[in-house]
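Student: Shown below is the structure under consideration.
Read-outs throughout are calculated quantities, based only on the coordinates presented, and are distinct from any laboratory measurement. Just so you know, these numbers come straight off a predicted model, no measurement behind them. FYI the Cβ positions are ideal-geometry reconstructions off the backbone, even for glycines, and counts take in every protein chain you see.
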Amino acid sequence: MTDAGLLHDRRAVAGLVHDIVEAAEKTARGATFMEVCGTHTHAVAAAGLRRMLPKGVRLISGPGCPVCVTPVRYLDHALALAALPDTILCTFGDLMRVPSSTITLEQARAEGATVHVVYSARDALALAEDNPETRVVFLAVGFETTVPTIAAALAEAEQRILENFLILPGNKVIPPAMLALVQDPDLNVHGFLLPGHVSVLTGWETFRFLATDHGVPGAVVGFAPTDVLRGVLDLLGQHSRGTAEVVNLYGRAVSPEGNRTAAEVVDRMFEPAHTEWRGFGEIPDSGLTLREQWAHRDAGRIPLELPEPHEPAGCRCGDVLRGAIDPTECPLFDAGCSPTQPIGACMVSSEGTCSAWFRHERWANTNQ
Amino acid sequence: MCLAIPMRLMERTEMEGVVELDGIRRTISLMLLPEAEVGQHVLVHAGYAIGAVDEDEAATTLELLREYADNMEDL
């Protein structure tokens, strides 16, 4: 992979921006494109891409952050599990500072709960092996990129007969949320930048329905600035021609059918479930729950009393996730809510839109 | 958590692999990419290889970007 530096090359970026400006001048109408991947949210913000685009070409973020769309109730459930005796809770780092109806996991840990941050579901599996008398519960949050890793860890637990390894199911899948977005009468999006690594697993054909059924173009792109800009250029071209196709601009990683091995293990362990997304309410078949035969690994079945869930007052994370507002339109943005003192999930998570804007677009929209 | 890093597969022993990028080595699972070959670049996410990098496609993309870069120098 020589010359991979070209992905970030200054002149290549300038050339793509030049073509985007030309394409935008040719079409009288403006365009709004949405990405639905937290890593894209941050890549766009960190590279300052918004500021390079011509007036009239707008990039917005959708529900691409799995931690951000996880409702408060899930955190309440996690906290209740952490409070159980002989239980170790394992989680990806992002969830530690996300608000529940009461305290965060980080605060619970400070008060004595056994909570471990892990990089992989396999780390949680290793903890289960090393602590056979203890129940290890892994907080299963994440989209299609992460789901197979959790399914694989569960399959390994079955194979190695590690009975003390459980998950609290909370994984979600993106296409049903995208369906909700294209059906939202208040959202006017002319194309989607499609998630590169989700597509590695699902295959890009998973997203074809956006074009064929709803007339909205899409471009699967990677995460370098040139990847995103090539996507914007393609979508702009489709928008001006009035065509709707889903194109794969991340061919070096994405195939039409995706990772079949991963799909098989996911299907073996999980089945679709209706699930709630912050900002959207319940979306049919948008979540994954353990199949009945793996009920012994479902920590959600442990009888527990949970508090009445409530969101932080004044937080507009839900509206940000639907693409209805930019973070700067939330009254709490940089006025009480910041990465060091987050009020909502969108500001906590490294993939959150508010966190990306605070770090890189903090003073955007100030001339309005 | 959609971040997946392209790393080179240096060794494998059944379903465990050792990958490397810029001198950093990590042990990962190949359960989701059992066909991975030593020497290939694979995408690593949360302790697993989730896909392989298509070197021909990568070369095509880089060629396109090289053209952009060269054109900008001529302007």
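Student: For the protein assembly as shown, what is the Kirkwood hydrodynamic radius in Å, using each pair of distinct C-alpha atoms?
Tutor: Here the Kirkwood hydrodynamic radius works out to 22.5 Å.
Student: Between the stretch A:127-155 and the stretch A:199-254, what is the C-alpha centre distance in whole Å?
Tutor: 32
Student: While we're here: Using a 10 Å cut-off around each Cβ, can you sort A:Glu361, A:Glu22, A:Glu106 from fewest to most neighbouring Cβ atoms? Let's see the in-between values first.
Tutor: Numbers: A:Glu361 19, A:Glu22 12, A:Glu106 16.
Starting with the residue having the fewest Cβ neighbours, the order is A:Glu22, A:Glu106, A:Glu361.
Student: Then there's this: Suppose each label sits 7 Å from its Cα in the direction of the beta carbon; what would the B:Val38-A:Ala273 distance come out to in nanometres?
Tutor: Roughly 4.3 nm, to one decimal.
Student: In addition: Round to a whole angstrom and tell me the spacing of the C-alpha centers of chain B and the stretch A:1-61.
Tutor: For chain B versus the stretch A:1-61, the Cα centre distance is 24 Å.
Student: What does the highest-first list of A:204-213, A:300-309, B:19-28 look like by mean Cβ count within 10 Å?
Tutor: Ranked by mean Cβ neighbours within 10 Å, highest first: A:204-213, B:19-28, A:300-309.
Student: A:Ala324 to A:Ala46: extension gain in nm, 0.36 nm per residue of separation minus the Cα-Cα distance? Can you show the working numbers first?
Tutor: Working: separation 278, 0.36 × 278 = 100.08 nm, distance 2.17 nm.
Answer, rounded to one decimal: 97.9 nm.
Student: Averaged across A:124-135, how many Cβ atoms of other chains sit within 10 Å of each residue's Cβ atom? Please list the in-between numbers first.
Tutor: Details: counts 0, 1, 0, 0, 0, 0, 0, 0, 0, 0, 0, 0.
Mean shielding by partner chains, rounded to a whole number: 0.
Student: Given Cβ point charges of +1 (Lys, Arg) and -1 (Asp, Glu) and nothing else, what value in debye, to the nearest 20, does the dipole of chain B about its Cα centre take?
Tutor: Taking the Cα centre of chain B as origin, the dipole is about 540 debye.
Student: Please list, in order along the stretch B:39-56, the HN-Hα scalar couplings obtained from phi with the Karplus expression 6.51 cos²θ - 1.76 cosθ + 1.60 (θ = phi - 60°), rounded to whole Hz, x for Gly and Pro.
Tutor: Per-residue couplings from phi come out as x, 6, 8, 10, 8, 10, 9, 6, x, 10, 7, 10, x, 9, 8, 7, 5, 5 Hz.
Student: Ratio of Rg to Rh for the stretch A:257-303, alpha carbon only, Kirkwood? Numbers along the way, then the final one.
Tutor: Numbers: Rg = 12.8 Å, Rh = 12.2 Å.
Checking Rg against Rh, the ratio lands at 1.05.
Student: Just checking chain A: which Cys have no other cysteine's beta-carbon under 4.7 Å?
Tutor: Flagged as lacking a Cys partner: A:Cys37, A:Cys90, A:Cys315, A:Cys330, A:Cys337.
Student: Taking amide H positions as placed in the peptide plane 1.01 Å from N, state which residues far from A:Phe270 in sequence (5 or more) or on other chains have amide H under 5 Å from it.
Tutor: Under 5 Å from the amide H of A:Phe270 lie the amide H atoms of A:Arg291, each far enough along the sequence or on another chain.
Student: On to the next question. Within a 10 angstrom radius of each residue's Cβ in B:48-60, how many Cβ atoms of other chains show up on average? Whole number is fine. Intermediate values should be presented prior to the final figure.
Tutor: On the way: counts 11, 1, 14, 12, 5, 4, 6, 2, 2, 7, 8, 4, 2.
Mean partner-chain Cβ count within 10 Å for B:48-60: 6.
Student: Give me A:Asp123, A:Asp184 ranked fewest to most by other Cβ atoms within 10 Å of their Cβ, as a rough exposure proxy.
Tutor: Values: A:Asp123 17, A:Asp184 14.
Ascending Cβ contact count within 10 Å gives the list A:Asp184, A:Asp123.
Student: At 0.36 nm per residue, minus the direct Cα-Cα distance, what do A:Gln293 and A:Asn365 gain on full extension? Give it in nm, one decimal, please.
Tutor: Extending this stretch completely gives an extra 20.7 nm.
Student: So what J values fall out for the stretch A:83-90 if you push phi through Karplus, 6.51 cos²θ - 1.76 cosθ + 1.60 with θ = phi - 60°, rounded to Hz, Gly and Pro as x?
Tutor: For the stretch A:83-90, the Karplus-derived couplings read 7, 6, x, 6, 10, 10, 9, 10 Hz, x marking Gly and Pro.
Student: Which residue fluctuates the most in chain A, going by a Gaussian network model with Cα springs under 10 Å, if the choices are A:Gly38, A:Gly279, A:Gly242?
Tutor: Looking only at A:Gly38, A:Gly279, A:Gly242, the largest GNM fluctuation is found for A:Gly242.
Student: Here's a follow-up. What FRET efficiency do you get for A:Asp334 and A:Asn188 if R0 is 22 Å and r is their Cβ-Cβ distance, rounded to the nearest 0.05? Show your work: numbers first, answer last.
Tutor: Values: r = 27 Å, r/R0 = 1.22.
That gives a FRET efficiency of 0.25.
Student: Here is a follow-up. Treat every Asp and Glu Cβ in the stretch A:242-357 as -1 and every Lys and Arg Cβ as +1, leave all other atoms uncharged, and give the resulting dipole magnitude about the Cα centre to the nearest 20 debye. Working shown, then result.
Tutor: Values: 9 positive and 18 negative charges, 70 e Å.
With Lys and Arg at +1 and Asp and Glu at -1, about 340 debye.
Student: For a quick check, take a GNM of chain A with Cα springs below 10 Å and name the residue from A:Asp234, A:Asp19, A:Asp130 with the largest mean-square fluctuation.
Tutor: It is A:Asp130.
Student: Can you tell me the dipole magnitude for chain A around its Cα centre, using point charges on the Cβ only (Lys, Arg +1; Asp, Glu -1), in Debye to the nearest 20?
Tutor: Dipole about the Cα centre, nearest 20: 1100 debye.
Student: Taking every residue in A:6-18, how many Cβ atoms of other protein chains lie within 10 Å of its Cβ, on average? Provide the component values of the computation, followed by the final result.
Tutor: Values: counts 9, 4, 1, 6, 2, 9, 10, 4, 6, 9, 4, 2, 4.
Taking all residues of A:6-18 together, the mean is 5.
Student: Label 7 Å along Cα→Cβ of B:Arg66; the stretch A:214-255 residues with amide nitrogen under 20 Å?
Tutor: A:224-227, A:230, A:250-253
Student: Quickly estimate the mean residue ellipticity at 222 nm for chain A, helices only: each DSSP H run with n ≥ 4 gives -39500 (n - 2.57), and the total goes over all residues, rounded to 500.
Tutor: Numbers: 16 runs with 140 residues, N = 368.
Rounded to the nearest 500, it is -10500 deg cm²/dmol.
Student: Right, here's the next one. Count neighbours as other Cβ atoms within 10 Å of each site's Cβ, and list the trypsin sites (Lys or Arg not before Pro) in the stretch A:117-186 that are DSSP loop with at most 16 such neighbours.
Tutor: Numbers: sites: A:Arg122, A:Arg135, A:Arg160, A:Lys172; in loops: A:Arg160.
Qualifying residues, ordered by number: A:Arg160.
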